[in-house]
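The structure under discussion appears below in the form of structure tokens.
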Amino acid sequence: MNSGRPIFSQLMDFVPIHEFRRCVKRYRGTYKIKSFSCWNQYLCMAFAQLTYRESLRDIQACLRAAQNKLYHLGIRGKVSRNTLANANQVRDWRIYADFAQVLITRARKLYAGESFGVELSQTVYALDATIIDLCLSLFPWAQFRKRKGAVKLHTLLDLRGSIPTVVIVTHGKVHEVNILDQLIIEAGALYIMDRGYIDFTRLHALHLSGAFFVIRAKDNFRFRRLYSRPVDKATGLQCDQIITTKNFYARKDYPEKLRRIRFFDKANNRRLVFLTNNFTLPALTIAELYRCRWQIELFFKWIKQHLRIKAFYGTTENAVKTQIWIAISVYVLVAIVKKTLNIDSSLYTILQILSVTLFEKTPIKQMLTDSVCTYPDAVPGNQLTLFD
């Protein structure tokens, strides 16, 4: 990295700009735009995420205070909160959703060999949703309760690297189980879900697609035991049974056999019952896989604490989705930088360092680690060499 360029500019070198332009072209992002491009909008919003700006006025004040440095950050022209507000309201949020998917694809390749606590060769996903509360009078399109507004982030998380592979943003009334209809099921993959996703028609469709699921059973689940397998009760396992559903409609929706595993969690003093269509993995591995589902809860907690997705810069649906997708792309971008530069620090530490050093002209790897980077015969980034 060139030591004469700001950290923010070096960070954006990890962004595939040609892919971004394809996304812009796909949704006609340049239509009737004269000066403030979609790339400028992305840079301003990414700056706001990295530095924890609280409002459009806050973004404007900070960037105008460094007006002479904006060119080197890649931002062209004068930043205005009205221009940025209009861009968030008008420009299609799918530009940034598709671009986030480009970064997600790159990140998954980098983290393909990561361990998540259980040694398996197949891909393991955790599926869940989180609610972001909104004021119904300001966000009337986000109906949730009679006097309450909210949006839901339905997320499919790849447990290797905690990379969100699918994120669907809906208003609060959409039930989590409906998202199963929108997923492209990966054959051979394992999907871990909580009991809110129990729908035997959808689970059978997932089974027919060649994928596996591990899901928590409801307390009132009725079944007929066919036979049991031996278990080591010292590990916390209480039973490993092959069953069929007993309820008429459940059996009609899922006519295949199921595997029922009961596990006692000593740490939390509670009994958990799992259902799965995988008959080959050890019962203890199934229980450990469900424990790994907690990573998605940690992911939701992390992005709510460290990214700007609980307070929004605009009130329209397009502005909210734009901000959420840019926040997700920033999260994935930082994960790419961490893996590419082989940085041992956590994402939290990296974000904290970036938040106060974006205008510094130190090599980014040196800034994020304690190592000293030296460049032989280094020259300023914009200086040409007259003589060899």
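Which one is modelled with the highest pLDDT, of the residues in segment 324-377 that are out of contact with any helix residue (DSSP H, G or I) (no Cβ under 7 Å at 6 or more places or on another chain) and crowded, with 21+ Cβ neighbours inside 10 Å?
I324
Given the condition part of a strand (DSSP E or B) and outside the structural domain of K257 (by TED's automatic domain parsing), answer yes or no: does some residue in segment 170-182 qualify?
Taking every residue of segment 170-182 in turn, at least one turns out to be part of a strand (DSSP E or B) and outside the structural domain of K257 (by TED's automatic domain parsing).
State which residue pairs qualify: first residue acidic (D, E) and inside segment 156-173, second residue in a loop (DSSP other than H, G, I, E, B) in any location, beta carbons under 8 Å apart, and separation of 6 or more residues or different chains.
Qualifying pairs under 8 Å: D158/Y111; D158/T123.
Residue by residue through segment 204-234, note down the ones that are in a loop (DSSP other than H, G, I, E, B) and among the aliphatic types (A, V, I, L, M).
A211, A217, V231
Here's the yes/no breakdown for (1) closer than 23 Å to P140 by Cα; (2) of a type outside the set (A, V, I, L, M); (3) out of contact with any strand residue (DSSP E or B) (no Cβ under 8 Å at 6 or more places or on another chain):
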residue	(1), (2), (3)
R308	yes, yes, yes
A311	yes, no, yes
T315	yes, yes, yes
T322	yes, yes, yes
A327	yes, no, yes
V337	no, no, yes
N342	no, yes, yes
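Give me a count of the residues in segment 1-27 that are among the charged types (D, E, K, R), outside any helix (DSSP H, G or I) and at pLDDT 90 or above.
Qualifying residue count for the region: 1.
Given the conditions (1) surrounded by fewer than 18 Cβ atoms within 10 Å (Cβ to Cβ); (2) among the β-branched types (V, I, T); (3) within 15 Å of the chain's Cα centre (by Cα), and given that T280 satisfies all but one, which numbered condition is not satisfied?
Failing condition for T280: (3).
List pairs: first residue in segment 125-147 and β-branched (V, I, T), second residue surrounded by fewer than 14 Cβ atoms within 10 Å (Cβ to Cβ) and in a loop (DSSP other than H, G, I, E, B) anywhere in the structure, Cβ distance under 7 angstrom, at least six positions apart or on different chains.
Taking only residues 6 or more apart or on different chains, the pairs are I132/K310.
Among the residues in segment 167-188, are any under 20 Å from R293 (Cα atoms) and among the charged types (D, E, K, R)?
yes
Got a number for residues in segment 27-50 being surrounded by fewer than 18 Cβ atoms within 10 Å (Cβ to Cβ) and either over 20 Å from Q323 (Cβ atoms) or within 23 Å of the chain's Cα centre (by Cα) (or both)?
Here the count works out to 7.
Give the residue, chosen from Y96, Y125, that is part of a helix (DSSP H, G or I), at pLDDT 90 or above, within 30 Å of C292 (Cα to Cα) and not charged (D, E, K, R).
After applying the criteria, what remains is Y96.
For residues that are farther than 19 Å from L127 by Cβ, touching a Leu at 6+ places or on another chain (Cβ under 9 Å) and either assigned to a loop (DSSP other than H, G, I, E, B) or hydrophobic (A, V, I, L, M, F, W, C) (or both), tally how many sit in segment 262-295.
Summing the residues that are farther than 19 Å from L127 by Cβ, touching a Leu at 6+ places or on another chain (Cβ under 9 Å) and either assigned to a loop (DSSP other than H, G, I, E, B) or hydrophobic (A, V, I, L, M, F, W, C) (or both) in segment 262-295 gives 4.
Any residue at all in segment 261-268 that is out of contact with any Asp or Glu (no Cβ under 9 Å at 6 or more places or on another chain), touching a residue at least 24 places away in the same chain (Cβ under 8 Å), on the phi < 0 side of the Ramachandran plot and surrounded by 15 or more Cβ atoms within 10 Å (Cβ to Cβ)?
Checked segment 261-268: at least one residue is out of contact with any Asp or Glu (no Cβ under 9 Å at 6 or more places or on another chain), touching a residue at least 24 places away in the same chain (Cβ under 8 Å), on the phi < 0 side of the Ramachandran plot and surrounded by 15 or more Cβ atoms within 10 Å (Cβ to Cβ).
The values are calculated or read from the model by the stated rules, or taken from the named source; none is laboratory data. From a predicted model like this one, the values you see are computed outputs, not experimental measurements. Cβ atoms come from the backbone with ideal geometry, glycine included; neighbour counts cover every protein chain shown.
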